Amino acid sequence: MLPRRRQELPPTAGLPLHWHDLRPGTPALAAALAAQLGTPPLQLACSGTACLLIALTTLAALRPQRRVVVVPAFTCPLVAIAVHQAGLELRLCDLRRGHYDMDPAALHAACDEQTLAIIPTHLAGRVADVDAALAVAHTVGAYVIEDAAQALGARQHGASVGLAGDIGFFSLAAGKGLSIYEGGLLLARDPVLRERLQDTARRIVPRSMHMECRRSIELLGYAALYRPAGLRLAYGNRLRRALQHGDPVAAVGDDFPLTIPLHRVGCWRRAVGAHAARRLPAFLDQLAAQAQRRITRLRGIAGIDVLDDPADSRGVWPFLLLLLPSQRQRDAALAQLWSRGYGVSRLFIHALTDYAYLAGIVPAQGVPNARDLAARSLSISNSPWLTDADMEAICCVLATATR
Ligand SMILES: *Cc1c(COP(=O)(O)O)cnc(C)c1O
């Protein structure tokens, strides 16, 4: 049995905050990131989900006769909640077998003249096949929204992800790379659409002193505890409690409220993000180099498949997403690793159809490949705090589980 690690590792490689990030400064977070990524102006919102809600509200006003939004069947439950809150109808698209992309034939079948938008998703920092979604979108006249919540900094064909589709969004939530505890960024190539997204936000997003105070305190807590000495308190104890109660959905934080808060992001949090953003390019390079080494090591274990990027693209590496040959073997590995502090976890527990609490807003659909991905995958943190010795301990468990 693997002993509990002395200090807790985070499940994803967030950029740690420094104390001097917390000083006041110019609140130029969106401008700094647009310059770094080489994108048109970015629009800051209070979460990635809020970005999606603003995007859907904007597009629904442009095409009021279209109501259906097509999403991959294995994605963040918040995506389903945003579609519901926008007053639209969700349709799931199954995945390619053993892959994060939507299956092209299933996508074709899921889309028609009712389709408002298709949401290809850069899951786990991997670069999604946006071109396939664009091809289907063009035939039915739908929009494409790139969900790049987990992929800030990822590039395809030499440009930031999020620009090939009509709209894209990034998340700045805790644990997703650069964080201001909760935040998100919208991007769009077309200046007219950018104007419309801003108009929508002005219309539906209120100021809230109360929410901004709360997020500011949460950001201070994140700055204090997002380190190996603090993560047991901030993350590990809750994880182990949920697993003991047999509640994996709570363990990975898949249990979201069904209403998305909307409010404007204050100057101080924007300044904190702008300070930290200066370290982001070097941090992402460091993570990419570490990921490449560890993928090579993992692929040396028979039966392990590590999800990687397509040609001419360079994703980001908050964690490595692995597929084991069977659910039984995946569960055997997790039984050793999940609660031991090694940053090994699961991405989402279920395909979207299988969350009991989403039953009212997600249609019941057969999505065997999404279920298969949920059943056979696990994630390994790509945090720089995870040492080569930790990685060897993890590989040893994986080798035993797949033997
Ligand atoms: C986290 C996440 C979101 C939502 O982003 P928040 O900033 O947490 O609201 C959307 N899509 C995916 C794939 C995500 O992982």
Cα-based Rg of the chain per 2.2 N^0.38 Å, rounded to two decimals? 0.93
Counting pairs of alpha carbon atoms under 8 Å apart in space and at least six apart in sequence, what relative contact order in percent does the stretch 273-388 give? 31
Taking neighbour Cβ counts within 10 Å as the exposure measure, how do TRP317, TRP338, TRP19, TRP385 sort from fewest upward? TRP19, TRP385, TRP338, TRP317
So for the stretch 68-167, using the alpha carbon gyration tensor with a ≥ b ≥ c as root eigenvalues (a/c under 1.5 gives rounded; past that, a/b versus b/c decides prolate or oblate), I'd call it rounded
Taking the alpha-carbon centre of each part, the distance from the stretch 366-396 to the stretch 265-300 in Å is 19
Compactness summary of the stretch 115-213: radius of gyration and Dmax from Cα atoms, Å, are 14.6, 46
Relative contact order [Cα under 8 Å, 6+ residues apart], the chain, whole percent: 27
At 7 Å along the Cα-to-beta-carbon direction for both CYS267 and HIS20, put a label point, then send me their distance in nm to one decimal. 2.2
Can you give the extra length, in nm with one decimal, that the chain gains between GLU195 and LEU2 once fully stretched, where that is 0.36 nm per residue apart less the Cα-Cα distance? 64.1 nm
Running a GNM on the chain with Cα contacts under 10 Å, which residue among ARG314, ARG330, ARG299 ends up with the highest mean-square fluctuation? ARG299
What is the mean projected area of the alpha carbon convex hull for the stretch 193-256, to one decimal in square nanometres? 6.8
Viscosity 0.890 mPa s, temperature 25 °C: give me the Stokes-Einstein translational D for the stretch 301-341 in µm²/s, with Rh taken as the Kirkwood radius over C-alpha pairs. 202
Gain upon complete extension [ALA389, LEU225; 0.36 nm per residue less C-alpha separation]: 56.7 nm
How long are the semi-axes of the ellipsoid equivalent to the stretch 1-111, from square roots of 5 times the Cα gyration tensor eigenvalues, in whole Å, largest first? 33, 26, 14
GNM on the chain, C-alpha springs below 10 Å: top fluctuator among VAL144, VAL252, VAL344? VAL252
Taking the C-alpha atoms of the stretch 155-214, how large are the radius of gyration and the largest Cα-Cα span, Dmax, in Å? 14.0, 42
What percentages make up the Cα-Cα pair-distance distribution of the stretch 226-279 when the bins are 10 Å wide from 0? 20, 25, 37, 17, 1
Separation in nanometres of the label points that stand 7 Å from Cα toward Cβ, at HIS108 and HIS245: 4.6
Under the 0.36 nm per residue contour assumption, what length would be gained going from the current alpha-carbon distance of ALA159 and ASP255 to full extension? 31.2 nm
Kirkwood hydrodynamic radius for the stretch 139-285: how many Å is it when counted over pairs of different Cα atoms? 17.6
Computed on Cα atoms, the radius of gyration and Dmax of the stretch 265-403 in angstrom are 17.6, 54
Only bridges whose two residues both fall in the stretch 97-201 count here: according to DSSP, what percent of them are antiparallel, nearest 5? 50
Rounded FRET efficiency, nearest 0.05, which uses the C-beta distance separating ALA61 from ARG293 and R0 of 35 Å: 0.15
Residues HIS84, HIS18 in order from fewest to most other beta-carbon atoms within 10 Å are HIS18, HIS84
With both partners inside the chain, how many of the DSSP beta bridges are antiparallel, as a percent to the nearest 5? 60
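Read the figures in this text as sums done on the coordinates, not as results from a lab. Every value quoted in this text rests on a predicted model; they were computed, and no experiment measured them. Neighbour counts are summed over all protein chains in view; Cβ atoms, including those assigned to glycine, are modelled from backbone coordinates with ideal geometry.
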